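Participant: Before we start, here is the structure in question, set down as structure tokens.
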Amino acid sequence: MTAAPTDLAALTSSAYKQALEVIASVEPRIADATRQELADQRASLKLIASENYASPAVLLTMGTWFSDKYAEGTVGHRFYAGCQNVDTVETLAAEHAKELFGAEYAYAQPHSGIDANLTAYWAILAQRVEGPWLENAGVKNMNDLSDADWEKLRHELGNQRLLGMSLDSGGHLTHGFRPNISGKMFHQQQYGTDPETGLIDYDALRAKAKEFKPLILVAGYSAYPRRVNFAKMREIADEVGATLMVDMAHFAGLVAGKVFQGEENPVPYADVVTTTTHKSLRGPRGGLILATKEYAGNVDRGCPMVLGGPLSHVMAAKAVALAEAKTEAFQTYAQNVADNAKSLAEGFLTRGAKLVTGGTDNHLVLLDVTSFGLTGRQAEQALLDAGVVTNRNSVPADPNGAWYTSGIRFGTPALTTRGFGHDEFDNVAELVVDVLSNTTPGVTKDGGASKATYKLADGIADKTRAASAEMLDKHPLYPGLDLA
Ligand code: PLP
């Protein structure tokens, strides 16, 4: 019998109270910090697009003895004994993922989004470069290659091409950004967005792909406020013989919740899809890979190729979160995330603010703060002073570079989980515009405008916190969870 919601809140309260007592008996400062983190999250407007609030069931699943188990290998084929329960967990996580996303294969081991991307890249290299090379050399195992041939294969693996979205257009570090390993292990080029519209220009992308001929075309983003047409991405990949990899880390929840369907759903179009499980998907911090049957064998070799022992306790929590994401309630949630992003964008636009691409049709909004005379860094800090938690972000062709930036990225997944709707998000826009309109840049020693320091007018932080508290109190985080 499943517990009624009020029973669940009472059970959760008692579980956490007791857990914190156990922790405090060893290191009370960690118990205190844990309590304080809940208080801080409860009291702030969390608008970071990559964050969410996982359910108590997901959180509790992570705190178990599965953490103690080594299970290198794959289901039924481990390098350690006694992995039968980990096999159950990993199988459930993969089965839920396959069913939820309609994928042919799922791999639940990556510890994070970056691990998932690195594993996917090496799986594609194994599929497209290493496999054919070994076949050509007539050997099954790379250890059987002569030293000279091994050197040639290593050279070949290290000289492949990757085309991904540039960081300032909304791509992720792992999509070929030079300081990241992806920009070093591949010859990389980046595609951007149209300077006028801020949108992906598929014709320009096609032309670039035809010229560059990448082995891998990466679609997906961290800060692009629009949906992507994956049918077009597939066409482009096919025209140049590239493997299409989609990183849906940010919008996996919108795919799971069936907000992104047809050509907006990457799964039927991509060879390999990677994701995190902790953003809009609302699971534990972790990664996940979906693949076609063709790529499954090589993705399954994530360990030993890239990974060591899987985090079995996190895989268990992934299974719980994926089970949650299959429910109708999650579909409603995902639709609300997208509707709320529209409300937030409209709230900004009606108050005269400037948005990259002029709006949104996913879960995030990118506000260009140059019209307030601020850098992203100043805006981020002023908002934080007022209890509004966001992160600064580059805008296309950002004049302030990747550190100071000119944008603030807002996301709706977390506050939608708390129950915020249209009116609250409109109010959030009002509060943000009020804070930024009352912030002025500081002055450098030589009298110029500072990119870092700022002055928030007196009284604005308190006023904003009071207005936020009214909304936050109506939509408590983890209602009924009482640690007192
Ligand atoms: N891919 C995308 C598109 C992301 O936005 C992120 C994180 O922000 C990642 C990958 C990396 O995820 P993680 O922080 O779990 O390594």
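The values are calculated or read from the model by the stated rules, or taken from the named source; none is laboratory data. Fair warning: this is a prediction, and the values are worked out from it, not measured in the lab. Neighbour counts are summed over all protein chains in view; Cβ atoms, including those assigned to glycine, are modelled from backbone coordinates with ideal geometry.
Participant: Return only the number of the condition from (1) modelled with pLDDT of 95 or more; (2) aliphatic (A, V, I, L, M); (3) under 20 Å from the mean Cα position of the chain (by Cα); (4) in the same structural domain as Val433 (by TED's automatic domain parsing) that Ala317 does not satisfy.
Facilitator: (4)
Participant: Where residues in the stretch 193-224 are touching a helix residue (DSSP H, G or I) at 6+ places or on another chain (Cβ under 7 Å) and surrounded by fewer than 20 Cβ atoms within 10 Å (Cβ to Cβ), which of them is nearest to Ala123 (Cα to Cα)?
Facilitator: Among them, the one singled out is Lys213.
Participant: Output the strands (runs of 3 or more DSSP E) that fall wholly within the stretch 133-235 and possess 2 or more residues being modelled with pLDDT of 95 or more and more than 16 Å from the ligand (Cβ to nearest atom), or say none.
Facilitator: 187-191
Participant: Please find, among Ala270, Ala252, Ala256, the residue that is farther than 30 Å from Phe212 by Cα, among the aliphatic types (A, V, I, L, M) and within 16 Å of the ligand (Cβ to nearest atom).
Facilitator: None of the others qualify; the one that does is Ala256.
Participant: Still on this structure, please answer the following. Just checking: which of the helices (runs of 4 or more DSSP H) contained wholly in the stretch 23-118 hold 1 or more residues that are assigned by TED's automatic domain parsing to the domain that holds Gln261 and away from the ligand (no atom under 16 Å from the Cβ)?
Facilitator: It comes to 84-101.
Participant: Next up: Does Asp473 satisfy the condition of being of a type outside the set (A, V, I, L, M), out of contact with any Gly (no Cβ under 8 Å at 6 or more places or on another chain) and not in a loop (DSSP other than H, G, I, E, B)? Let's see the steps before the verdict.
Facilitator: Values: of a type outside the set (A, V, I, L, M): yes; out of contact with any Gly (no Cβ under 8 Å at 6 or more places or on another chain): yes; not in a loop (DSSP other than H, G, I, E, B): yes.
So Asp473 fits the description; yes.
Participant: Would a scan of the stretch 337-345 turn up a residue that is of a type in the set (D, E, K, R), in contact (Cβ under 8 Å) with a residue 40 or more places away in the chain and either in contact with a Cys (Cβ under 8 Å, 6 or more places away or on another chain) or surrounded by fewer than 24 Cβ atoms within 10 Å (Cβ to Cβ) (or both)?
Facilitator: Yes: one or more hits.
Participant: Of the numbered conditions (1) among the aliphatic types (A, V, I, L, M); (2) under 30 Å from Leu20 (Cα atoms); (3) in the same structural domain as Ala338 (by TED's automatic domain parsing); (4) at pLDDT below 95, Ala449 satisfies every one except a single condition; which is it?
Facilitator: For Ala449, the failing item is (2).
Participant: Pull up the stretch 261-286, narrow it to residues that are of a type in the set (D, E, K, R) and more than 13 Å from the chain's Cα centre (by Cα), then point me to the one that is surrounded by the most Cβ atoms within 10 Å (Cβ to Cβ).
Facilitator: For the stretch 261-286, the residue satisfying everything is Asp271.
Participant: What are the pairs, 6+ residues apart or on separate chains, where a residue within the stretch 174-189 that is free of Cβ contacts under 8 Å to residues at least 24 places away in the same chain has its Cβ under 7 Å from a residue that is in a helix (DSSP H, G or I)?
Facilitator: Note: pairs meeting the criteria are Phe177/Leu167; Phe177/Gly183; Asn180/Leu173; Asn180/Thr174.
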